[in-house]
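Participant: Structure in structure tokens, see below.
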Amino acid sequence: MRRRAILAGVAAATAWALLEPLDRRLFRCDYSDVALLGKSVTRGRGWRPMGLAIHAVNGAIFGLAFNEARARTSVEPRRLALSMALAEHVALYPLTYFVDRYHPARGDAGVPPLLTNPRAFGQATVRHAIFGLLLGRWATR
């Protein structure tokens, strides 16, 4: 179960990353989690693979947390995964204040101002919902 949840988290995070170009067009907002993560580590050509790797690791950690929560609650697993993903989004989004203020690539492609950006908040909400739905489905098959 643990291994499956970790792999499901990696797969859901990868799906999220692959959907970013579409939601960037739909929301008309140049916000990319892959860019935010990758460009925090390197500004060179390697930011994209680095961002994808960090995003996948985050997905694995979230999958593991989901697995532990699932073992301790009677909430239906798919509902739990979606709820956890959206709760994480709402709880951590205020930290974008620090991204807006201190990120080394703030203002560059993929890293627009976030805290007061309703389009970016909408993107992040949809991304977290998709992640939660996929995690819940793939971790519980």
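Participant: Do we have any residue at all in the range 115-130 that's among the basic types (Lys, Arg), touching a Leu at 6+ places or on another chain (Cβ under 8 Å) and modelled with pLDDT of 95 or more?
Facilitator: Yes - at least one qualifying residue is present in the range 115-130.
Participant: Let me ask something else about it. If residue 80 passes every condition in (1) within 21 Å of residue 10 (Cα to Cα); (2) of a type in the set (A, V, I, L, M, F, W, C); (3) surrounded by fewer than 19 Cβ atoms within 10 Å (Cβ to Cβ) but one, which one does it miss?
Facilitator: Going through (1) within 21 Å of residue 10 (Cα to Cα); (2) of a type in the set (A, V, I, L, M, F, W, C); (3) surrounded by fewer than 19 Cβ atoms within 10 Å (Cβ to Cβ) one by one, residue 80 breaks only (3).
Participant: Going through 57, 41, 90, 99 one at a time, which residue ends up being hydrophobic (A, V, I, L, M, F, W, C) and surrounded by 16 or more Cβ atoms within 10 Å (Cβ to Cβ)?
Facilitator: 99
Participant: Would you mention how many residues in the range 97-107 are without any contact (Cβ under 8 Å) to a residue 24 or more places away in the chain and in a helix (DSSP H, G or I)? Write out each step before concluding.
Facilitator: In the first step, residues of the range 97-107 are kept if they are without any contact (Cβ under 8 Å) to a residue 24 or more places away in the chain; the result is 97-98, 100-102, 106-107.
In the following step, the residues that additionally are in a helix (DSSP H, G or I) were identified as 97-98, 100-102.
Final tally of qualifying residues: 5.
Participant: Still on this structure, please answer the following. List the number of the failed condition for residue 28; all other conditions in (1) surrounded by 16 or more Cβ atoms within 10 Å (Cβ to Cβ); (2) touching a helix residue (DSSP H, G or I) at 6+ places or on another chain (Cβ under 7 Å) hold.
Facilitator: For residue 28, the exception is condition (1).
Participant: If you don't mind, another one. Between a residue in the range 112-141 that is closer than 30 Å to residue 68 by Cα and any residue that is surrounded by fewer than 17 Cβ atoms within 10 Å (Cβ to Cβ) and of a type in the set (Val, Ile, Thr), which pairs come within a Cβ distance under 6 Å, given they are 6 or more apart or on different chains?
Facilitator: Matching pairs, first to second residue: none at all.
Participant: Restrict the check to the range 75-85 and report whether at least one residue is farther than 16 Å from residue 138 by Cβ, modelled with pLDDT of 95 or more and more than 11 Å from the chain's Cα centre (by Cα).
Facilitator: yes
The values are calculated or read from the model by the stated rules, or taken from the named source; none is laboratory data. Computed from a predicted model, the values in this text were never measured in an experiment. Heads up, the Cβs are rebuilt from the backbone with ideal geometry, glycines too, and the neighbour counts pull from every protein chain shown.
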